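Reading through the structure tokens given below for one structure.
The values are calculated or read from the model by the stated rules, or taken from the named source; none is laboratory data. Small disclaimer: the values here were computed from a predicted structure and weren't measured. Cβ atoms come from the backbone with ideal geometry, glycine included; neighbour counts cover every protein chain shown.
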Amino acid sequence: MKKIIILAFAVTLMFALVPVPVKVSAEGITVKEIVTGLEYNITDVFSDGVMTVRNADEQYGVIDKTGWIIIPFGIYRGIGNFRDGMAAVSNESGQRGVIDKTGQIIIPFGIYKQIGTFNEGLAFVENLDGQYGVIDITGRIIIPFGTYSIINSFRDGVAVVRNIYYQTGVIDKTGQLVIPFGTYSEINFFSDGMAAVSNENGQRGVIDKTGQIIIPFGIYKQINHFNEGLAFVENIDGQTGVIDKAGKVIIPFGTYTNDIGGYSYFSDGVAVVRNADGKHEQGIINNTGQVVVPFGTYKAIARFSNGVVSVINADWQPGVIDTTGRVVVPFGAYDGFTPFNEGLTAAVKSDGTLAILEISDPADSITPATEPQEQAEPNISENINTTNTPAAPITLPINFDTITSEQSAFAAAIVIAVILVSMAVIISFSYLLVKFIYKNKTRV
């Protein structure tokens, strides 16, 4: 009976002492490692909850955030980034088609020479005659071929197009012109309902989607795209400042400097800038111009997305900080990161394998990055071999936030309570077992 009791106690403790996963998060963002040991090469960021990767044989495949293969390696010669649940792919002959996340072919191979990335449910395509048109995610033709000579991706419900005379105009999703050709010599993509444009004299201004001039021409030499209601601009004297959508100067000119040619924009309420003292050190400011992370704190700072950004410290170690400057992934834990998107990133470990990190906040309100990004053509690999499906990844939850003393005490109390209840159950079970044996022995 003693052996039975010891065995029962051991089994009970085995279950009672298994750590109960508790979401431990200080104020702000929490980052945890959800998968590790993935032997792939990175080709893109997470999008639509999946990521295109390459294996050791240079074959393309697609994994989800748990590391499981959802599109096997070697089926397609190249796989683009998933958007709106769809991705452009190429076969061994170099023909283009479109698949969904189950691998089902939505647009057959050989119909189009080029297929752009889907955005807002639409993608531009080039037919075999070299004409451009627009299709939706079912493959239905929305804008007939040959209507426009060049069609860019849709943003904010509109797209910049060119006619056969290379004049620039803007269309809506039905293909109707909303800004006529020749009105402006150049039109940038729309963001926050606004776009920087150039007139025939090369002067810069800003218009809305109706074509109305919001920021007059000739005031600024350079104008970046608007994001979160703000845009970096460069005045006639070459100084950088920040304006809002009404043209009001929010951050005075000459306070900070930066690369005005597209790098500088606000995301998650902050922006990466350089100081104006000639040292060109990077720092982080909020949307009022207040310094959040002092200049020179880090050797390099990438772009914010999902409330975090990767940085490199003085020892050249990469880490991740949030918009307050708080370190959320320790320096040196990984050798590098893809940009966070949809709350996910692929991190490179020191042994060359990948881990997948996930971020969250107290409200669990992570959404895809909203800053405008140029569309990339599908990745093409010259090597095609048979499908190679590696073993399942190792899952290892790691939380980088520090557990507070209150949380530790609470967790300890739970464990002690479980142990006491388990011991009470064991004692009761033991008593009943002894009583049963005693009665049977008495009967014999």
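This table checks each residue for (1) assigned by TED's automatic domain parsing to the domain that holds F340; (2) assigned to a loop (DSSP other than H, G, I, E, B); (3) among the polar types (S, T, N, Q).
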residue	(1), (2), (3)
P252	no, no, no
Y256	no, no, no
V273	yes, no, no
K279	yes, yes, no
I285	yes, no, no
G289	yes, yes, no
G296	yes, yes, no
R303	yes, yes, no
Among (1) surrounded by 18 or more Cβ atoms within 10 Å (Cβ to Cβ); (2) at pLDDT below 95, the one test that T255 misses:
(1)
Scan of segment 294-318 for residues that are surrounded by 18 or more Cβ atoms within 10 Å (Cβ to Cβ) and over 20 Å from N227 (Cβ atoms), ordered by number
F295, Y298, V311, P318
Enumerate the pairs (first residue in segment 203-214 and in the same structural domain as D244 (by TED's automatic domain parsing); second residue anywhere and hydroxyl-bearing (S, T, Y)) with beta-carbon separation below 6 Å, excluding pairs fewer than 6 apart on the same chain, so at least 6 apart or on different chains.
R204/S198; R204/Y220
Confirm whether A88 is in contact with a Phe, Trp or Tyr (Cβ under 9 Å, 6 or more places away or on another chain), under 30 Å from V233 (Cα atoms), assigned to a strand (DSSP E or B) and touching a residue at least 24 places away in the same chain (Cβ under 8 Å).
no
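For every residue, the table says whether it meets (1) at pLDDT 95 or above; (2) surrounded by 15 or more Cβ atoms within 10 Å (Cβ to Cβ); (3) among the acidic types (D, E); (4) within 26 Å of R162 (Cα to Cα).
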| residue | (1), (2), (3), (4) |
| --- | --- |
| S93 | no, no, no, no |
| G97 | yes, yes, no, yes |
| G103 | no, no, no, no |
| F109 | yes, yes, no, no |
| Y112 | yes, yes, no, yes |
| F118 | no, yes, no, yes |
| N127 | yes, yes, no, yes |
| V134 | yes, yes, no, yes |
| I137 | no, yes, no, yes |
If you scan segment 162-193, which residues turn out to be closer than 22 Å to I142 by Cα and part of a strand (DSSP E or B)?
R162, T168, G169, V170, I171, D172, L177, V178, I179, P180, F181
Single condition Q290 does not satisfy, out of (1) in contact with a strand residue (DSSP E or B) (Cβ under 8 Å, 6 or more places away or on another chain); (2) within 30 Å of A196 (Cα to Cα); (3) surrounded by fewer than 16 Cβ atoms within 10 Å (Cβ to Cβ); (4) of a type outside the set (D, E):
(1)
Considering V197, V242, V178, which residue is under 30 Å from V134 (Cβ atoms) and surrounded by 16 or more Cβ atoms within 10 Å (Cβ to Cβ)?
V197
Selection from segment 324-359 of residues that are more than 17 Å from the chain's Cα centre (by Cα), surrounded by fewer than 18 Cβ atoms within 10 Å (Cβ to Cβ) and of a type outside the set (D, E)
T324, G325, R326, V327, P330, G332, K349, S350, G352, T353
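Condition test on D64, is it surrounded by 15 or more Cβ atoms within 10 Å (Cβ to Cβ) and charged (D, E, K, R)?
yes
Name the residue that is nearest to F331 (Cα to Cα), counting only residues in segment 285-303 that are aliphatic (A, V, I, L, M) and touching a Gly at 6+ places or on another chain (Cβ under 9 Å).
Just the residues of segment 285-303 that are aliphatic (A, V, I, L, M), to begin with: 285, 291-293, 300-302.
From what is left, the residues that are touching a Gly at 6+ places or on another chain (Cβ under 9 Å) are 291-293, 301.
Values: V291: 22, V292: 19, V293: 16, I301: 13 Å.
Going through the qualifying residues, I end up with I301.
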Among I236, I215, I223, which is the only one that is more than 20 Å from T255 (Cα to Cα) and among the β-branched types (V, I, T)?
I215
Quick check on my filter: what residues within segment 72-85 are without any contact (Cβ under 8 Å) to a residue 60 or more places away in the chain and either among the acidic types (D, E) or crowded, with 21+ Cβ neighbours inside 10 Å (or both)?
Y76, F82, R83, D84
